[in-house]
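Visitor: What follows is a structure written as structure tokens; I'll ask about it next.
What follows draws every value from the coordinates through simple rules; no lab data is involved. Note that the coordinates shown come from a computational prediction; the quantities given were computed from them, not determined experimentally. Note that we place each Cβ from the backbone using ideal geometry, even for glycine, and neighbour counts take in every protein chain shown.
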Amino acid sequence: MIIEVEEIVLKFTNYYKSLNYSILDDDSIITDDPTLLFINSTIARVKEEIQVGENLDSTAIVQQCFRNNMTDYMMFTMLGVASLATEANRVMKDWINFIKEVGNIPEDNLFAVIHSQDGMLIDLWKKTISRPYYTLDQNTDKYTVRWKYGECYDFYGVGMSLAYIHPNRPKCNDSCDFFCDCDRHLALGNFIIINNPIINKQYIDIGFGVERLLSYKNGIDYFNFESNKKNLLGVISLGLNKEDAKYILSFMKGIKKLVEEGIVPGNKKQGYILKSLIKKIVINIAKYNKSSLFDDITKVLVMQDPSYKLYINDIQCYLQKYYNNYKKNIDSAKKFLKVNSGMGSTELMYILQDRFGVPYNIVMDADNTITYK
């Protein structure tokens, strides 16, 4: 049976309530959050307390979060725990038990990736679970073992990535291991010891994504979830290919969250995220040369989630505005190409992207229409 995001969030809060943790439910966008890896993450809810050294009850947190990778800004549901470091043994044990008992990930499939110099974390892992750990000397694209929390904060994080071996993903080759880029080994979340050297105090920061947790049972694809599958099939029925439909629906989820928070497109912070998401949807839709797709897609979303009705006019207005601008940029790019047809392809593609905002893989065919290759 496919488990939905809302179901695991409820189980998370009930689990930690039963263990006498405080609970912070999903809250509004934190507009001045300067966190580097994630925007609006669970730890952002208590960073001010950590900065000034307040005592902190062990707290379970639910928060809609944006991945800050400067390309996708994908929104997902983050679950987390924040506490004093004196509670590290308890918090680690409770988290691992949640992953096993509620997340239904067998202990035999778990492993950890820890910085080679973090002896305290290695000891904590070994006391909590009889599973292997691997060491790194620096962050990689797949695993993070060192954290910064943004400007104006004096603290930093040392920690580990909790990961699992996916049972339905065979080794991609004979040397496949936890470093491999394939989907067999997946980072699930992080257990971080926060050090505030100014006040000589330590805290715990746990963070992990619901969708990644559920991918163990539901399969890697986020669109295996029933509600997402219905939206996906609805958008595909409009004539979009599957991958474009997935991207558009993922971006639209983030747009709705930002618009309902009162964010408007702009060049700073959350406004920039909204602007980026809108532009990405426009680029994906524009190649179908059918402006009515904006309305058709939003109708599909409203049918599955009536709460979209409250924001649909603003969303459609933003999409249409950026679509019109994008078409103008394409016309300008066409004129530029005619005048500079002898320019080298590498330089040409860079200018198209940098000056006109037209993706590098767009080229013009003989009759001056846009072709995606």
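Visitor: Only one residue in 122, 194 is in a helix (DSSP H, G or I) and within 27 Å of residue 90 (Cβ to Cβ). Which one?
Guide: 122
Visitor: Can you tell me which condition residue 240 does not meet? The list is (1) of a type in the set (A, V, I, L, M, F, W, C); (2) assigned to a helix (DSSP H, G or I); (3) buried (at least 22 other Cβ atoms within 10 Å of the Cβ), and all the others hold.
Guide: Result: residue 240 fails condition (2) only.
Visitor: Is region 100-116 home to any residue that is of a type in the set (A, V, I, L, M) and out of contact with any Phe, Trp or Tyr (no Cβ under 7 Å at 6 or more places or on another chain)?
Guide: So far as region 100-116 goes, no, none of its residues is of a type in the set (A, V, I, L, M) and out of contact with any Phe, Trp or Tyr (no Cβ under 7 Å at 6 or more places or on another chain).
Visitor: Which residue out of 304, 270 is buried (at least 21 other Cβ atoms within 10 Å of the Cβ) and of a type in the set (S, T, N, Q)?
Guide: 270
Visitor: Among the candidates 142, 148, 171, which residue alone is out of contact with any strand residue (DSSP E or B) (no Cβ under 9 Å at 6 or more places or on another chain), farther than 27 Å from residue 19 by Cβ and either crowded, with 19+ Cβ neighbours inside 10 Å or basic (Lys, Arg) (or both)?
Guide: Only one candidate qualifies: 171.
Visitor: Residue 239 is checked against (1) touching a residue at least 60 places away in the same chain (Cβ under 8 Å); (2) on the phi > 0 side of the Ramachandran plot; (3) not polar (S, T, N, Q) and fails just one. What number does that condition carry?
Guide: Evaluating residue 239 over (1) touching a residue at least 60 places away in the same chain (Cβ under 8 Å); (2) on the phi > 0 side of the Ramachandran plot; (3) not polar (S, T, N, Q) leaves (1) as the failure.
Visitor: How many of the residues in region 125-138 are assigned to a loop (DSSP other than H, G, I, E, B) and among the β-branched types (Val, Ile, Thr)?
Guide: Looking only at that region, the number is 1.
Visitor: Among the residues of region 287-299, how many are part of a helix (DSSP H, G or I) and touching a residue at least 60 places away in the same chain (Cβ under 8 Å)?
Guide: Total satisfying the criteria: 1.
Visitor: Would a scan of region 128-135 turn up a residue that is closer than 30 Å to residue 54 by Cβ and touching a residue at least 24 places away in the same chain (Cβ under 8 Å)?
Guide: Yes: one or more hits.
Visitor: Return yes or no: is residue 230 closer than 29 Å to residue 59 by Cβ, surrounded by fewer than 22 Cβ atoms within 10 Å (Cβ to Cβ), in contact (Cβ under 8 Å) with a residue 40 or more places away in the chain and out of contact with any Ser or Thr (no Cβ under 6 Å at 6 or more places or on another chain)?
Guide: Here the answer is no, as residue 230 does not meet what is asked.
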